[in-house]
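A short worksheet on the structure shown next.
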Amino acid sequence: MKTYDLIIVGAGPAGSSCAIHCAEKGLKVLMIDSSRFPRDKVCGDCLNPSAWPVLERLGLSSRVQELPNSSVRAIRFSVAGGHTIELPLSQGQQEVVVRRREFDALLTERAQEEGVEFQDGTTITSLQRLRTLWEVTSSHGIIGRAPQIVAADGRNSTVARYLRMLSAPRRDDRVGLQTHIPHPAGYGGALEMHLYHNGYGGIADLGNGIANLCLVSNAGTMRKLRKEAEVRYQVSSAIAWRSISPISRSNPRSVARDGVYLCGDAARVVEPFTGEGIAFALQSGTMLAKILSSRRETALGEQERKYIAAHKELYRGKLWVNHLTRLLSQNPRLAHFVIPRLLRFPGVLSGITNLVLQ
């Protein structure tokens with residue numbers, strides 16, 4: 001059994017970015033993930049402009065752009081049976097669509113280049129505190145021990161649930177679906193957000209004639225929403241969809257405790273399909289890494305206090321569009337009252353879009 005400086009659970013953007021930076025600073029890092037890589041994720045597949053400075057620091061900016069992708073030139077907003085408006089993006093707003101299975105695989109590859117030990121297809125079954133070390137176990141036995149654990153394992157974080165770090169559940173019966181489809185007839189490649197009769201969704205150009213199609217609705221209306229989307233984009237009802245539920249979740253009681261740190265969606269769930277999730281995950285992962293890599297000079301309790309404060313500041317004042325999206329998607333009647341009226345004011349809609357694409 002090996003002892004590490006750090007064990008990271010979850011190999012998405014938050015976990016991998018944290019692993020890369022910690023390994024660069026000389027820490028011995030093990031990163032594990034329950035899925036076999038490469039794997040798809042329910043995601044809008046969009047890289048927000050704020051993700052690029054982090055990718056540059058990771059040495060991945062040019063390598064990401066070598067993956068099949070498309071640059072978003074315009075965002076189209078539309079309502080079923082109603083208005084449509086298209087807003088061009090300025091050249092400074094580098095919004096890129098890239099498939100998550102390829103993006104996340106590239107991140108894990110970069111982590112291994114820095115010496116991170118990566119085990120995919122590994123699901124943890126227990127976490128046990130042994131004096132100054134955490135012992136991590138899977139169905140195959142003890143994986144390893146480390147004084148610190150990073151939980152970057154998503155909105156349904158196993159680590160957070162095992163250690164009871166989550167607050168009381170927030171009621172959210174919404175379901176998210178995603179699939180990849182050939183370009184629909186007449187689709188010009190714009191990033192489109194569409195308000196259906198039974199929910200909302202988006203379509204994004206992945207390049208090579210493939211598009212990402214995402215849907216969100218309350219559980220009771222998802223079947224109707226799927227039918228709407230299948231008719232709109234002329235796709236077969238037999239197409240395979242991936243799903244996530246719940247869409248949102250209560251924030252944890254604390255993002256750091258006893259040497260365990262929650263990161264990415266495990267710490268703060270960002271409403272999907274507004275294009276901010278990957279950027280926040282990358283930012284939170286690198287922010288945490290800077291604190292953890294100074295552990296030789298900083299006491300554990302001080303590290304935790306620093307991360308709690310930095311994490312709070314990272315999200316301060318930046319999630320109101322997410323809150324608005326959640327409110328409207330949970331209340332379809334309100335959405336169909338507000339959105340058609342909002343589309344009559346392109347300047348207001350452009351301002352909201354620019355806030356997301358900062």
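Every number in this text was worked out from the coordinates using simple rules, so none of it is lab data. Since we're looking at a predicted model, the values are computed, not measured. Ideal geometry is used to build each Cβ from the backbone, glycine not excepted, and the neighbour counts take in all protein chains shown.
For the chain, the longest principal axis of the Cα atoms and the long axis of helix 13-24 meet at an angle of about 40 degrees.
Charged side chains reduced to their Cβ positions (Lys and Arg at +1, Asp and Glu at -1) give the range 215-351 a dipole of some 340 debye around its Cα centre. The protection proxy used here, the mean number of other Cβ atoms lying within 10 Å of each residue, ranks peptides 277-283, 233-239 as follows, highest first: 277-283, 233-239. Backbone geometry of the range 315-327 corresponds, through the Karplus equation with coefficients 6.51, -1.76 and 1.60 at θ = phi - 60°, to 3J(HN,Hα) couplings of 9, 4, x, 10, 10, 5, 5, 4, 5, 5, 4, 5, 4 Hz, x marking Gly and Pro. Backbone amide hydrogens, once placed in the peptide plane, bring residue 144 within less than 5 Å of 136, excluding anything fewer than 5 places away on its chain. What the phi angles of the range 98-104 give under the Karplus curve with 6.51, -1.76 and 1.60, with θ = phi - 60°, is a coupling list of 9, 5, 5, 4, 7, 5, 5 Hz, glycine and proline written as x. Using the rule -39500 (n - 2.57) for each DSSP H run of four or more residues, divided by the residues of the chain, the 222 nm mean residue ellipticity is -10000 deg cm²/dmol.
Per-residue counts of other Cβ atoms within 10 Å, averaged by peptide: what ranking do you get for 94-106, 173-185, highest first?
Values: 94-106: 20.8, 173-185: 17.7.
Ranking, from highest mean packing down: 94-106, 173-185.
For the range 1-75, the set of GluC sites (Glu not before Pro) satisfying both a DSSP loop assignment and a count of at most 15 other C-beta atoms within 10 Å is given as 66.
Taking amide H positions as modeled 1.01 Å from N, with prolines and chain starts lacking one, the residues under 5 Å from residue 70 and 5 or more places away or on another chain are 97.
Among bridges DSSP assigns within the chain, what percent are antiparallel (round to 5)? Provide the component values of the computation, followed by the final result.
Numbers: 47 of 67 bridges.
Taking every DSSP beta bridge with both residues in the chain, the antiparallel ones total about 70 percent.
Near the amide H of residue 261, within less than 5 Å, lie the amide hydrogens of 149, 150, 151, all on another chain or at least 5 residues away, with H placed in the peptide plane.
Placing +1 on the Cβ of every Lys and Arg and -1 on the Cβ of every Asp and Glu, with nothing else charged, gives the chain a dipole about its Cα centre of roughly 1140 debye. So which lysines can residue 25 reach, going by Cα to Cα under 28 Å and dropping same-chain residues fewer than 8 places off? Once the sequence-local lysines are set aside, what remains near residue 25 is 2, 290, 306, 312.
With the convex hull drawn around the C-alpha atoms of the chain, the volume per residue stands at 132 Å³.
In a simple Cβ point-charge model (Lys, Arg +1; Asp, Glu -1; nothing else charged), the range 1-87 has a dipole of about 160 debye relative to its Cα centre.
Taking θ as phi - 60° and the Karplus parameters 6.51, -1.76 and 1.60, the scalar couplings of the range 143-152 work out to 7, x, 10, 7, x, 9, 10, 10, 9, 10 Hz in sequence order, x denoting glycine and proline.
I need the peptides 192-204, 314-326, 31-43 ranked by packing, meaning the mean over residues of other C-beta atoms within 10 angstrom, with the highest value on top.
Details: 192-204: 22.6, 314-326: 14.8, 31-43: 19.1.
Taking the mean over residues of other Cβ atoms within 10 Å, the ranking is 192-204, 31-43, 314-326.
The Cα atoms of the range 310-349 cover 38, 25, 7 Å along the three principal axes, with the biggest extent listed first.
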